[in-house]
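A short worksheet on the structure shown next.
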Amino acid sequence: ETPDQETVQKMLKVLKPMPVVHYDGVPFPAFMPFRLKGAENAVKDIIDLQTRETDIMICTYAKSGTHWIYEIISLLVQNTTELTKDPKSKAMLEAMMTPQDIDNIPNPRILDSHLHIRHLPRKLVADKCKIVHVVRNPKDVCVSYFYHQQKDLFTRFEGTWDEFVEQWFSEKDIPYGTWYNYELDIERVEKDNPGLIYTCYYEQLKKNPIGEIKKLSAYLGTNCTDETIEGIAKVTSFDNMHKN
């Protein structure tokens, strides 16, 4: 029986780190669904998830700007420049205990995941959902991920930098496996489905936020004015995001 959210929150408070769980050649973080249901069942629930034509799916490898792009998309969809109070984790598929967890999110739902694209809902392609993919320089990803894993509630990596890099390249025990295999999977889907996936680059978004947000707005079909887009670029700047 799947525990309710109150029970899950109580469990999280006393949660102990544990090794990643493996399935289909990929190591997964030991989030609650993976601990309680097992990796195969947790992934199957995500693959079978009923998507909606209005869904927006954010696909990023870990530490590639997921929270950043989530905030930008939220503002574009709502046509506002006020940062959301909702955490992106509420719509993170691998943290979903049951499909009902995200059923009540109003359209358009903004979903996010670090899962390989073959483990995402199979209906994403059939429903022609909007898929936003962010790519970040893998060297920066690796450094950021190393520091993240040291304090991560679910793993708390205690090895050295050299040990982390070795595991990261070996697809061994670092959640989600290597950046390279993740990006290769997306690249294959992009080739088979031209125009389905919108890919943007972390570094370009940082260098030219107004221009990149304007292109993202066009892909999503939002009706934001240039003034609103400039406001969104301002409130989602690094300094402002850090402050908030």
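The values are calculated or read from the model by the stated rules, or taken from the named source; none is laboratory data. Since the model is a prediction, treat every value here as computed from it, not as a measurement. Because the Cβ atoms are built from the backbone with ideal geometry, glycine has one as well, and the counts that use them run over all protein chains shown. Just so you know, the surface numbers come from the protein's heavy atoms only, side chains and all, with ligands and any DNA or RNA stripped out. Shrake-Rupley method; radii C 1.70, N 1.55, O 1.52, S 1.80 Å.
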task = At a 1.4 Å probe radius, which order do HIS148, HIS242 fall into by accessible area, largest first?
result = HIS242, HIS148
key: Candidate aspartates and glutamates for bridging to LYS37, where Cα separation is under 16 Å - those fewer than 8 sequence places away on the same chain excluded   = GLU1, ASP4, ASP24, ASP45, ASP48, GLU94, ASP101
inquiry  = Run the reach check for LYS234 against lysines, Cα to Cα strictly under 26 Å, same-chain hits fewer than 8 apart removed. What comes back?
reply    = LYS63, LYS85, LYS88, LYS90, LYS130, LYS206, LYS207, LYS214, LYS215, LYS243
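Could you tell me how many cubic angstrom of Cα convex hull volume segment 182-238 has per residue? Intermediate results must be reported in sequence, preceding the final value.
Values: hull volume 4.9 nm³, N = 57.
Per residue, the Cα convex hull of segment 182-238 comes to 87 Å³.
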message = Based on alpha-carbon centroids, what's the gap between segment 66-117 and segment 176-190 in Å, whole number please?
response = 22
ask   = What is the chain's relative contact order, in percent, from Cα pairs under 8 angstrom and six or more apart in sequence?
value = 27
request  = Only loop residues by DSSP count here, and only those with at most 13 other Cβ atoms within 10 Å; note down the GluC sites (Glu not before Pro) in segment 39-102 that meet that.
outcome  = GLU53, GLU82
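Rank ILE69, ILE117 by accessible area, highest first, at a 1.4 Å probe radius?
Details: ILE69 0, ILE117 25 Å².
My answer, sorted largest first, is ILE117, ILE69.
How much of the accessible area of segment 93-225, probe 1.4 Å, is carbon plus sulfur, in whole percent?
Details: 3470 of 6750 Å².
About 51 percent, which is the carbon plus sulfur part of the accessible surface.
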Residue-averaged 222 nm ellipticity for the chain, from DSSP H runs of 4+ at -39500 (n - 2.57), nearest 500 = -13500 deg cm²/dmol
